[in-house]
Amino acid sequence: MAVQPAGSVDLSVPDALPVLPLRDAVVFPMTAVPLAVGQPRSVRLVDDVMRGNRLLALVAQRDANAEPAKPEDLHRVGTVGVIHQLARAPDGGVRLMVQGIERVRLVDWIGTEPYLVARIEVARDQTVPAPEVEALRRAVVDVFRRLVEASAELPDELAAAAESITDPRHVVYFVASVVPLDMAARQELLEIDPVAAKLRRLIDLLQREVAVRELGRKITTDTEERLSKKQREYYLREQLRAIQRELGEDEGGDSQVTELRRRIEEARLPDEARREAERELGRLATISPASPEHGMTVTYLEWMASLPWSKLGGETIDILRARQVLDEDHFDLEKIKDRILEYLAVKKLREERQGQARHSGSGEAPVPAAPPLVTGDSPAREPILCFVGPPGVGKTSLGQSIARALGRRFVRMSLGGIRDEAEIRGHRRTYIGALPGRIIQGLRRAETRDPVFMFDEIDKIGADWRGDPSSALLEVLDPAQNHTFVDNYLGVSFDLSQVLFIATANTLDTIPGALRDRMEILVLSGYTDAEKIGIAREYLIPKQLAAHSLATDELSFEPEAMRQIVRGYTREAGVRNLEREIATVARKVARRLAEGQREPVRITADNLVEYLGRPKFFDEVAERTTRPGVATGLAWTPTGGDVLFVEVTMMPSTEERLVLTGMLGDVMRESAQAAVSYVWSNAEALDIDPKFFEGKTIHVHVPAGAIPKDGPSAGVTIMTALASLATRRPVRSEVAMTGEITLRGKVLPVGGIKEKVLAAHRTGIRAVILPRRNERDLDEVPDELRKQVSFIFVDDAEEVLRHAVMPAAADVRPVVR
């Protein structure tokens, strides 16, 4: 059989053709359409067709989800088409440009593998020239023109193209191919006979589409007329209402609003928060889901519904159990534990005598109402504890232990590097992506309003142009104010009075005074060697054995080996590096066991080098102080105490000068000047030649020059080093000292005594010279350490030199001048 499509030469259509199933597409005769082919069998079909006459049958699927399509999944009427262009895609598929030639009907199936092949017959459209057909053609063109005018997505050129087509059948297929019709309507137009029936059906479809477009325009026009200039922002909302009225749909029954309302009722919000939530729920019901404001409002209501406004999670306080928990988790720290237990005891009595004791497990608290005006004393509230000490002494783990003892949730918020006030108070809802502050976020995660909330590293909080977070914390950490804390995002007050706030810091110097005044300071100093060994034995070694899947009989440490690790491989106030060294040994033992060596390993002082290498630290005090002009001082640092050395030398010069090096701060430089002035002005009393300093440049250097140093406590050490040089008598190597010196030679008290004494003990110092007024500070030093170190208390510089400098008869090397 032969057919002749418009504008082409005769094409002979065979009786049998490969069948290409189409999903979501109908190809009409006399139209060109692009097709994407991806199934392997369809790609093979296209390849075989391209090697022949390029003809194939294009038939739509009844079910677009059928894959691969079977004969029963296809319609019986389709279109024979010719492939004009082919392009291969990177994913293995092909892109085709196919032109429909003539309508065909599937008569019988010849084969299904490797692709569908059917016997076909040409089913030409029945065309009878008549005035009625011409009238229907013109009617189609007229309605199509109206649709183009009402549709922004249809270009005006389509109406002109339709008017230029005189063949009624061609008009049907052209219009049907460019108008957005569903699959069923397109297949119906392809199958209908005669052409007059096609035209009538197409007119019905076009008129319905025109009616929908004109109705949409009418709704838009009506809405715009009702809106005033101030109501432009509600345009989409009013348009939705108008559409609902035209469709006769019920505006109520919004499932999302109903669900949020239910959750808010279950959350038992206070009066203020409930009123705000009800107001937002009312607004939500009138906002279009397509509006960005809809999502923002839903997010806000979800936050309101998920916060623990009335949920309490603590258990009944048991002081004995709390003591047991603290002893299980921490070694020593008796004063800290006593203070925590005192707090818990007061809280227990207050709850019992006020009739507010909670039952074990989670519970519901009464909905907090607005606090009454207080005319007398405010009721007692939770204190704010602040643990201050060097790293690794157990500040953070203490907070976790308190939470475990109380049966409360634990929330930790690191403040290090925070510079934005919004991190505390939250962002206002006017900003895209706004969220509550991290305090409210932490309470949401805890799911109770009485957790133990830790502000970690509160001394490292910053400030810049975005605000001062420390100022925002003033309200949070004030027990008289935090029951009405207002987060900028929520916009309503949240009661924080049941939260047990705990803060940690390495130093108090960088904490603003107003913030420090709101906290009770509990100082955790460093550990002695014996305490570190005890912590390792009770906590660190069992922890690392479990972490490395080792049994207790597979790895053990002798006491002397532990002492060597503490002394030779770590030098710290806490125990973090000690735990790392134990972990290193455990890893090496685990490797040996994995390699087949099953003998138990016992770490001794002799074989310790095999596992940790050579010691990293050694006692350098004696080596440093074997010559005049060098003295050993003690310093306080945020990471604990430390030992520093002061070196003094002199050089001939045209004028007397004082050179200070070692990255010294202003206070320390002034202390050095005071020390030099005292020694020079009291040279005769100190058995120094008065002319010794004439024509000399005095150079005072404190090693570790890359580390900043400041403070007045090195004045005594600088004075001693200078007097040692001038008298040519070395300073005793086993003596260290601290204290501020005055121009009269008085030794004034300084701070950080416990940390300095611990540092002296770690480095092998056996005698420490202290200001007499610091004698009371030794109460904080452990008894064991006081037995191992002797303390010399002095009032003036002469006493310091009497105890620190060797006698004149000592054998010393001459000082090169």
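The values are calculated or read from the model by the stated rules, or taken from the named source; none is laboratory data. Treat the numbers as computed from the prediction; the structure is a model and nothing was measured. Here Cβ is always computed from backbone atoms with ideal geometry, including for glycine, and neighbour counts include all displayed protein chains. In case anyone asks, the SASA skips ligands and DNA or RNA and just uses the protein heavy atoms, side chains included. Shrake-Rupley method; radii C 1.70, N 1.55, O 1.52, S 1.80 Å.
Only one entry in A32, A60 is under 24 Å from L189 (Cα atoms), open to solvent by less than 60 Å² (accessible area, probe 1.4 Å) and at pLDDT 85 or above, namely A60.
Conditions tested, residue by residue: (1) touching a helix residue (DSSP H, G or I) at 6+ places or on another chain (Cβ under 8 Å); (2) among the β-branched types (V, I, T).
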{"site": "I110", "(1), (2)": "no, yes"}
{"site": "L147", "(1), (2)": "yes, no"}
{"site": "A160", "(1), (2)": "no, no"}
{"site": "V172", "(1), (2)": "yes, yes"}
{"site": "V195", "(1), (2)": "yes, yes"}
{"site": "K198", "(1), (2)": "yes, no"}
{"site": "D204", "(1), (2)": "no, no"}
{"site": "K218", "(1), (2)": "no, no"}
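Of all residues in segment 201-223, none that is closer than 14 Å to F144 by Cα and at pLDDT 80 or above has its Cβ atom under 6 Å from the Cβ atom of a residue that is crowded, with 17+ Cβ neighbours inside 10 Å and polar (S, T, N, Q), 6 or more apart or on another chain.
Restricting attention to segment 739-756, does a residue exist that is part of a helix (DSSP H, G or I), open to solvent by less than 50 Å² (accessible area, probe 1.4 Å) and farther than 29 Å from V523 by Cβ?
Within segment 739-756, none of the residues are part of a helix (DSSP H, G or I), open to solvent by less than 50 Å² (accessible area, probe 1.4 Å) and farther than 29 Å from V523 by Cβ.
For segment 169-194, the tally of residues that are surrounded by 23 or more Cβ atoms within 10 Å (Cβ to Cβ) and not aromatic (F, W, Y) stands at 6.
Scanning segment 284-323 for residues that are open to solvent by 70 Å² or more (accessible area, probe 1.4 Å), among the aliphatic types (A, V, I, L, M) and either at pLDDT 85 or above or over 29 Å from R263 (Cα atoms) (or both) gives M296, L320. E538 passes all but one of (1) more than 30 Å from E423 (Cα to Cα); (2) at pLDDT 90 or above; which number fails? In the conditions (1) more than 30 Å from E423 (Cα to Cα); (2) at pLDDT 90 or above, E538 misses (2) alone.
The single condition from (1) in contact (Cβ under 8 Å) with a residue 60 or more places away in the chain; (2) touching a His at 6+ places or on another chain (Cβ under 7 Å) that V59 fails is (1).
Restricting segment 431-475 to residues that are open to solvent by 10 Å² or more (accessible area, probe 1.4 Å) and aromatic (F, W, Y) leaves a set whose member that is nearest to M304 (Cα to Cα) is Y431.
Scanning segment 59-109 for residues being over 57 Å from the mean Cα position of the chain (by Cα) and at positive phi gives a total of 0.
Is there a residue being open to solvent by 40 Å² or more (accessible area, probe 1.4 Å), closer than 15 Å to L612 by Cα, more than 33 Å from the chain's Cα centre (by Cα) and among the charged types (D, E, K, R) anywhere in segment 569-590? Within segment 569-590, one or more residues are open to solvent by 40 Å² or more (accessible area, probe 1.4 Å), closer than 15 Å to L612 by Cα, more than 33 Å from the chain's Cα centre (by Cα) and among the charged types (D, E, K, R).
Going residue by residue through segment 509-529, is there one that turns out to be over 19 Å from L385 (Cβ atoms) and in a helix (DSSP H, G or I)? Within segment 509-529 (the criterion being over 19 Å from L385 (Cβ atoms) and in a helix (DSSP H, G or I)), the answer is yes, since at least one residue qualifies.
Count of segment 673-729 residues, restricted to those that are without any contact (Cβ under 8 Å) to a residue 60 or more places away in the chain and in a strand (DSSP E or B), is 6. The set of residues in segment 122-143 that are within 29 Å of L55 (Cβ to Cβ) and either modelled with pLDDT of 85 or more or open to solvent by 30 Å² or more (accessible area, probe 1.4 Å) (or both) comprises V122, A123, R124, Q126, T127, V128.
Taken over segment 404-424, the criterion of being among the charged types (D, E, K, R) and in a strand (DSSP E or B) is satisfied by R412 alone. Scanning segment 597-616 turns up one or more residues that are open to solvent by less than 80 Å² (accessible area, probe 1.4 Å), over 25 Å from G394 (Cα atoms) and in contact with a Leu (Cβ under 6 Å, 6 or more places away or on another chain).
Confirm whether L326 is assigned to a helix (DSSP H, G or I), among the aliphatic types (A, V, I, L, M) and either open to solvent by less than 70 Å² (accessible area, probe 1.4 Å) or in contact (Cβ under 8 Å) with a residue 40 or more places away in the chain (or both). Taking the combined requirement at face value, the residue satisfies it. Specify the residue that is farthest from E784 (Cα to Cα); the eligible residues are those in segment 479-515 that are among the charged types (D, E, K, R) and surrounded by 18 or more Cβ atoms within 10 Å (Cβ to Cβ). The residue in question is D487.
The single residue among R119, R146 that is modelled with pLDDT of 85 or more, open to solvent by 60 Å² or more (accessible area, probe 1.4 Å) and either part of a loop (DSSP other than H, G, I, E, B) or under 28 Å from T220 (Cβ atoms) (or both) turns out to be R146.
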